[in-house]
Amino acid sequence: MGSGQWAVGSNTKPFQAESGPPKNIDRMSKPKPRLPISDSLAVRWCCKFACALRGVAVGIRGQNSFYVHLPAAALVVGAAAWLGVSQADWIALLLCITIVLSAELFNTAIEHLARAITRDEHPEIRDALDVASAAVLVAAIGASVVGAVVFF
């Protein structure tokens, strides 16, 4: 059995020679301490939401694309309110906005992971980053088409 494989019927991992994170990962901050299991469910959920909101802030601060997507979303919402679009159109527009912003956050997460692994040129990392960027492009084009159908 090779390294990293699981034995059939076993619930333990095989021995691994190296433990801990890879040596070349650039640590930007200390790992967040884990909450004790005894904490209440409400406290744990509040912490999860706090981490998620921190992720949104990191994503927005780290990407210039959000300085395009957020004003565009605000313009779409303003135009939809001014024109009095139907409920179905509102749903379509808000789903498109959500999909584009989510795609941008996923792209940002992949970029952060890629930088944590290596800052050197690597063809597979480049391809992964390009595919993630393409996902944002596809989402934005789709949202533009939906916006054109709703507004024109």
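Residues that are charged (D, E, K, R) and touching a Leu at 6+ places or on another chain (Cβ under 8 Å): find the helices (runs of 4 or more DSSP H) completely inside region 53-152 holding 1 or more of those.
Here the list reads 87-117.
What is the one condition in (1) surrounded by fewer than 17 Cβ atoms within 10 Å (Cβ to Cβ); (2) without any contact (Cβ under 8 Å) to a residue 60 or more places away in the chain; (3) under 18 Å from the mean Cα position of the chain (by Cα) that ILE97 does not satisfy?
Here ILE97 clears every test but (1).
Among the listed residues ALA103, ALA128, ALA116, ALA143, which satisfies the condition of being within 20 Å of the chain's Cα centre (by Cα), surrounded by 15 or more Cβ atoms within 10 Å (Cβ to Cβ) and in contact (Cβ under 8 Å) with a residue 60 or more places away in the chain?
Result of the check over ALA103, ALA128, ALA116, ALA143: ALA116.
Every read-out reported here was derived from the displayed coordinates using simple, explicitly stated rules and does not represent laboratory data. Fair warning: this is a prediction, and the values are worked out from it, not measured in the lab. When we count neighbours, we look across all protein chains shown, and the Cβ atoms used for this are built from the backbone with ideal geometry, even at glycine.
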